[in-house]
């Protein structure tokens with residue numbers, strides 16, 4: 001084939017351009033560590049990478065959501081256990097009041113019981129991450145200990161009111177599945193969320209007030225009827241403790257299930273990242289070899305061109 | 001003994017000198033684009049049949065032009081130029097989208113950040129800081145869409161400007177081709193002038209072929225007729241003008257650009273559908289790829305993205321319309337939306353929600369500020385395959401990006417294949433038409449030696465004459 005002077009240079013320039021462009025692409029892959037530099041590099045791989053990116057982001061979000069919800073459940077469990085202990089302590093205090101050696105100390109025990117009631121209300125108003133744990137879907141301190149007008153049934157006028165609601169806060173840590181995040185107040189504290197507190201108030205009234213509604217003088221003992229009444233309150237309080245324990249156990253079971261799910265998601269994430277990496281990340285060893293090959297080819301081409309292009313008959317004439 | 005030998009020597013000197021001139025011209029133009037090599041056609045001078053030769057004559061200059069190859073090369077050039085332009089435009093578009101994003105600036109990444117903030121707000125819907133963060137992320141998402149919409153529209157206008165510029169540059173070429181036709185017709189065939197004019201014609205046609213899928217025919221006088229999509233652009237000494245015109249469809253609002261043939265008087269003759277050439281590529285991307293109102297089945301990125309934005313915004317707003325804000329107490333939901341506008345360029349945060357994060361309707365019932373049911377529902381909706389094509393919100397966007405990637409890969413492949421094809425054709429053309437320096441060096445020696453020999457003949461003839469004259473005296 002007849003080769004023109006211009007064509008020799010044109011083909012040389014085209015070969016140089018092709019090699020340099022390949023080298024630049026390999027350098028970019030090596031520098032960024034990414035196989036896909038442009039959308040058009042490999043559309044099939046691009047589709048897989050985009051799909052993996054979405055799955056990774058979704059799975060990460062699910063995992064993070066579960067971690068967040070688990071934290072709340074841990075705190076919820078902790079507070080429920082605290083409540084159970086507080087109820088048990090109240091029951092023990094009542095038992096103490098019935099003890100023969102404490103017969104003359106109902107007023108003193110009433111004072112201690114009042115403190116326990118305050119503590120119980122404070123625990124029932126527990127917060128985590130801006131939520132009142134037992135307020136349902138309301139966003140205010142749900143329980144309030146207050147004194148209302150004294151009556152024959154309630155001579156102290158003490159009352160614990162519930163300002164929350166009995167709705168469950170729910171979350172959707174995974175697609176489609178709604179999970180209860182909170183514990184309803186009535187589950188823990190009985191009817192309308194106040195039954196337990198009413199029991200404690202009743203015990204307080206028995207200890208601090210006489211049957212006629214007047215305040216019990218210090219060192220006045222409880223009557224046999226009052227002791228009987230107090231005795232009946234203790235198993236009711238212990239029933240509440242068991243109730244709280246059951247709810248706590250259910251929460252622990254839910255937490256454990258979520259933990260397993262979180263671990264599964266973590267494993268899934270690792271697999272997804274590996275799948276993504278196979279398409280998106282550059283094989284650095286392969287790239288380094290390709291780069292070396294490209295450099296050698298470029299050098300060979302430059303040497304060949306420098307020999308071939310500079311020779312013509314004019315040089316030897 | 002006569003003076004004939006001197007005449008023969010003279011004719012040889014003149015012919016070899018002309019051949020040397022032609023060879024020098026070839027060497028001088030070795031790098032001139034469009035230049036085809038020339039060869040002197042030398043013939044013996046014969047006074048009459050059977051008579052002794054009386055010297056040599058430069059009959060004509062031969063040019064090496066292979067018209068069928070040039071035609072084929074121009075057709076390939078038009079397709080290659082279109083593919084190159086397609087590749088450039090698609091690269092620009094890909095850069096605007098910024099996918100696959102390595103940082104958090106792409107649409108997909110911003111959508112994920114919005115979903116993360118939505119999750120946080122769903123978890124603590126009464127928390128104002130989380131509501132505020134959700135609004136910020138929603139705004140960042142909308143702004144990214146706006147930026148992409150504006151950049152794509154800007155690119156579209158830029159393409160129109162480029163098409164306009166290129167068309168403006170083509171009209172003088174057409175005019176020049178018509179002038180060359182007239183000059184070519186009046187130049188003797190085989191003369192240096194005729195060949196130089198043919199070179200210029202070829203150069204102009206090569207330039208024209210990059211932009212337009214022209215076809216050419218040549219008559220016996222060397223005049224070239226240039227046609228475009230069945231319309232004659234240049235014929236003899238006259239040329240039509242090309243104009244770029246925009247057409248606005250009142251019904252759809254679609255604005256398209258077309259190339260029109262215009263008579264010298266300025267009267268439009270016909271619109272010309274272009275399929276190949278750089279101009280066709282620019283107009284295709286203006287009329288289809290970047291046209292949001294495009295109604296054909298071609299891949300319109302802006303239309304696809306607008307459709308996606310409308311669907312995402314529609315679904316988000318539909319879910320939130322069932323929700324209540326922190327201050328809402330009425331029995332029916334206020335029907336608030338998060339976004340207004342349904343296209344890349346118009347999507348914005350809804351004013352009432354943007355002004356007060358409390359108004360974000362995340363709860364399923366009034367007066368239940370810590371209920372994030374609606375927010376969870378929205379999060380779920382956006383992650384479920386309920387969008388077009390049975391995809392998720394992000395999946396639907398990824399499908400558009402993948403479609404763009406596939407198109408880019410096809411264009412790259414086509415461009416590479418056409419480049420190879422063009423190089424092969426160019427090699428064939430160069431093999432026939434191009435100048436080879438070594439060959440010219442040999443010719444230089446050949447004609448130089450012949451010139452020296454002719455000079456020697458003249459010298460010998462002069463010496464013989466001198467001898468004869470001396471004998472006579």
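Structure notes:
- Taking segment A:152-220 and dividing mean pair separation by its residue count, relative contact order in percent (alpha carbons under 8 Å, at least six apart): 32 percent
- Degrees, to the nearest 10: B:437-472 long Cα axis against longest axis of chain B: 20 degrees
- Based on Cα contacts under 8 Å between residues 6+ apart, chain A shows a relative contact order of 29 percent.
- Scattering curve values for segment A:53-273, log₁₀ I(q)/I(0), Debye with Cα scatterers, q = 0.14 Å⁻¹: -0.85
- Solvent-free Debye scattering, log10 I(q)/I(0), computed from the Cα coordinates of chain B at q = 0.06, 0.07, 0.09 Å⁻¹: -0.49, -0.60, -0.78
- Shielding score for B:109-120, defined as the mean number of other chain Cβ atoms within 10 Å: 3
- All distinct Cα pairs of segment A:65-125 go into the 1/r average, and the inverse of that average, the Kirkwood radius, is 13.2 Å.
- Residue ranges B:106-115, B:339-348, B:260-269 sort as B:106-115, B:339-348, B:260-269 when ordered by packing (mean number of other C-beta atoms within 10 Å per residue, highest first).
- Axis angle, to the nearest 10 degrees, between helix B:373-383 and the longest C-alpha principal axis of chain B: 20 degrees.
- Placing a pseudo-label 7 Å from each Cα along the Cα-to-Cβ vector at residue A:224 and residue B:132 gives an inter-label distance of 6.8 nm.
- Chain B: calculated mean residue ellipticity at 222 nm from DSSP helix runs of at least 4, using -39500 (n - 2.57): -20500 deg cm²/dmol
- For segment B:1-92, the equivalent ellipsoid derived from the alpha-carbon gyration tensor has semi-axes of 49, 15, 4 Å in decreasing order.
- Cα-based helix-to-principal-axis angle, B:393-433 vs chain B, degrees rounded to 10: 0 degrees
- For the protein assembly as shown, alpha-carbon Rg over 2.2 N^0.38 Å: 1.67
- Relative contact order, whole percent, for chain B stands at 22, derived from Cα pairs under 8 Å and 6 or more residues apart.
- Over segment A:105-175, volume per residue of the alpha carbon convex hull, in Å³: 113 Å³
- Three principal axis lengths of segment B:112-151 [C-alpha, angstrom, descending]: 37, 16, 7
- The mean count of C-beta atoms from other chains within 10 Å of the C-beta of residues in A:164-171, rounded to a whole number, is 4.
- Cα convex hull volume per residue for segment A:91-132 (Å³): 52 Å³
- With coordinates expressed along the principal axes, the C-alpha atoms belonging to segment A:188-303 extend over 116, 25, 23 Å, beginning with the largest.
- For the peptide A:49-56, the mean number of other protein chain Cβ atoms found within 10 angstrom of a residue's Cβ is 6.
- Using the average count of surrounding beta-carbon atoms within 10 Å as a protection proxy, the listed peptides A:290-297, B:295-302 rank, highest first, as B:295-302, A:290-297.
- Segment A:9-40 residues near the modelled residue A:295 label - backbone nitrogen below 12 Å, point 7 Å along Cα→Cβ: A:27
- By the Kirkwood approach, averaging reciprocal distances over each pair of separate Cα atoms, segment B:316-404 gets a hydrodynamic radius of 14.1 Å.
All of the numbers you see were taken from the coordinates with simple rules; none came from a lab. Note that the coordinates shown come from a computational prediction; the quantities given were computed from them, not determined experimentally. We place every Cβ from the backbone using ideal geometry, glycine too, and count neighbours over all the protein chains shown.
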